[in-house]
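**Q** Below is the structure I would like to discuss, written out as structure tokens.
The values are calculated or read from the model by the stated rules, or taken from the named source; none is laboratory data. These numbers come from a predicted model, not from an experiment. Cβ: placed from backbone, ideal geometry, glycine included. Neighbour counts: every protein chain shown.
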Amino acid sequence: MALTKIYTIGFAKKSAEEFFERLKQHRIQLLVDVRLHNSSQLAGFTKKADLPYFLREILGAQYLHEPMLAPVEALLRDYQKGRIGWAEYERNFLELLRQRRVEQRIPKELFAKPTVLLCSEHSADYCHRRLVAEYLAEKWGSVEIIHL
């Protein structure tokens, strides 16, 4: 069985140049946006209205927004407001992924070409994109996760 690579990246604390150069360095062909909110002004150069254009023009890459891989509003809000800690957020989010059966609904073939999961957090340590990648790796097997 061939090894599948899942790349992840956050845009926070990165200039547009740094962000797109990292994607270019790894020859990313598809960006899967796993953010719940991808159109706010805080998203800067990664706003849903602009990102597909930048990806196409700079990298020749495609854009896909996949809210099935995002947390629900209540869970995200509880974590952001400090009502729950990371451990509880992680448990609840992984349960959400299980309930959604994302390993069956997201085709592994989507990652046959260099594909990156996008979220906002600078580091993957406390970000749901890491949880998504690890969940899929556990379910699919033969997956390498690379955080950009």
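**Q** Among the residues of region 102-126 satisfying the criterion of being touching a residue at least 60 places away in the same chain (Cβ under 8 Å) and among the charged types (D, E, K, R), which is surrounded by the fewest Cβ atoms within 10 Å (Cβ to Cβ)?
**A** Within region 102-126, the match that is surrounded by the fewest Cβ atoms within 10 Å (Cβ to Cβ) is Lys113.
**Q** Suppose we keep only residues that are touching a helix residue (DSSP H, G or I) at 6+ places or on another chain (Cβ under 6 Å) and touching a residue at least 60 places away in the same chain (Cβ under 8 Å) within region 137-148. Which one would you say is nearest to His26 (Cα to Cα)?
**A** Within region 137-148, the subset touching a helix residue (DSSP H, G or I) at 6+ places or on another chain (Cβ under 6 Å) is 139-140, 143, 145, 148.
So of that shortlist, the ones also touching a residue at least 60 places away in the same chain (Cβ under 8 Å) come out as 140, 143, 145, 148.
Numbers: Trp140: 22, Val143: 16, Ile145: 13, Leu148: 9 Å.
Selected residue: Leu148.
**Q** Of the residues that sit in region 45-86 and are small (Gly, Ala, Ser) and farther than 20 Å from Thr8 by Cα, which one is surrounded by the fewest Cβ atoms within 10 Å (Cβ to Cβ)?
**A** Taking region 45-86 first, the residues small (Gly, Ala, Ser) are 49, 60-61, 70, 74, 82, 85.
Restricting the remaining residues to those that are farther than 20 Å from Thr8 by Cα gives 49, 74, 82, 85.
On the way: Ala49: 9, Ala74: 10, Gly82: 7, Gly85: 10.
Among residues in region 45-86 that are small (Gly, Ala, Ser) and farther than 20 Å from Thr8 by Cα, the one surrounded by the fewest Cβ atoms within 10 Å (Cβ to Cβ) is Gly82.
**Q** Please verify whether Tyr89 is surrounded by 16 or more Cβ atoms within 10 Å (Cβ to Cβ), part of a helix (DSSP H, G or I) and over 15 Å from the mean Cα position of the chain (by Cα), treating the condition exactly as stated. Don't jump to the end; show me each part of the working.
**A** Values: surrounded by 16 or more Cβ atoms within 10 Å (Cβ to Cβ): yes; part of a helix (DSSP H, G or I): yes; over 15 Å from the mean Cα position of the chain (by Cα): yes.
Yes.
**Q** Going through Leu69, Leu96, Leu110 one at a time, which residue ends up being modelled with pLDDT under 95 and out of contact with any Ser or Thr (no Cβ under 7 Å at 6 or more places or on another chain)?
**A** Just one listed residue meets the conditions, Leu110.
**Q** So, one more: I'd like the residue in region 11-42 that is within 14 Å of the chain's Cα centre (by Cα) and at pLDDT below 85 and, out of all such residues, is surrounded by the fewest Cβ atoms within 10 Å (Cβ to Cβ).
**A** Of everything passing the filter in region 11-42, His37 is surrounded by the fewest Cβ atoms within 10 Å (Cβ to Cβ).
Table: residues versus (1) of a type in the set (Gly, Ala, Ser); (2) more than 11 Å from the chain's Cα centre (by Cα); (3) part of a helix (DSSP H, G or I).
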residue	(1), (2), (3)
Ala74	yes, yes, yes
Arg77	no, yes, yes
Arg83	no, yes, no
Gln104	no, yes, yes
Leu117	no, no, no
Ala124	yes, no, no
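**Q** Just to be sure I understand the filter: pairs with C-beta atoms under 7 Å, separated by 6 or more residues or on different chains, first member in region 69-81 and more than 15 Å from Ser120 (Cα to Cα), second member assigned to a loop (DSSP other than H, G, I, E, B). Which pairs pass?
**A** Correct list of pairs: Glu73/Leu36; Asp78/Ile84.
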